[in-house]
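> Take this structure first; my questions come after.
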Ligand SMILES: [Zn+2]
């Protein structure tokens, strides 16, 4: 094998390797948890499995400040809030295709997917 063909072989292997890595990451990341945590003031106040959740609306109140959360078609979003910036409302729905999180800094609300791995869980 001369030098040129060796370089070609290495390059081909690199391309195959990268493709395999990209595919592996794609398939590994895709089936993530459908469970979302609603965290208010640093505490998990609700955990919802979006794959089985019924459509509904509820309020999350933190120190008198309110976010109205809606679950619809297995997605979750903040539909109204009394925060000044409304970034949480503008973020829109979070579901299987979008990883979120929805964050409302003024009201200390975070809606995020639960970590899939429970290894070395503490606290
Ligand atoms: Zn907000």
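No lab work stands behind these numbers, since they all come straight from the coordinates. Here the structure is a predicted model, which is why all the values come from computation and not from measurement. When we count neighbours, we look across all protein chains shown, and the Cβ atoms used for this are built from the backbone with ideal geometry, even at glycine.
> Filtering segment 99-111 down to residues that are in a loop (DSSP other than H, G, I, E, B) and in contact with a strand residue (DSSP E or B) (Cβ under 8 Å, 6 or more places away or on another chain), which residue is surrounded by the fewest Cβ atoms within 10 Å (Cβ to Cβ)? Quick ask: steps written out before the conclusion?
We begin by selecting, within segment 99-111, every residue in a loop (DSSP other than H, G, I, E, B); these are 99-101, 105-108.
Now narrow it down to the ones that are in contact with a strand residue (DSSP E or B) (Cβ under 8 Å, 6 or more places away or on another chain): 99-101, 106-108.
Working: 99: 11, 100: 18, 101: 16, 106: 16, 107: 22, 108: 18.
In this case the residue turns out to be 99.
> Shifting gears a bit: Of everything in segment 57-91, what is within 13 Å of the chain's Cα centre (by Cα) and within 14 Å of the ligand (Cβ to nearest atom)? Give them in sequence order.
In the first step, residues of segment 57-91 are kept if they are within 13 Å of the chain's Cα centre (by Cα); the result is 75-77, 91.
Scanning segment 57-91 gives 77, 91.
> Sort out which residues of segment 31-74 are farther than 17 Å from residue 95 by Cα and out of contact with any strand residue (DSSP E or B) (no Cβ under 7 Å at 6 or more places or on another chain), and write them in order of number.
42, 43, 61, 63, 64, 65
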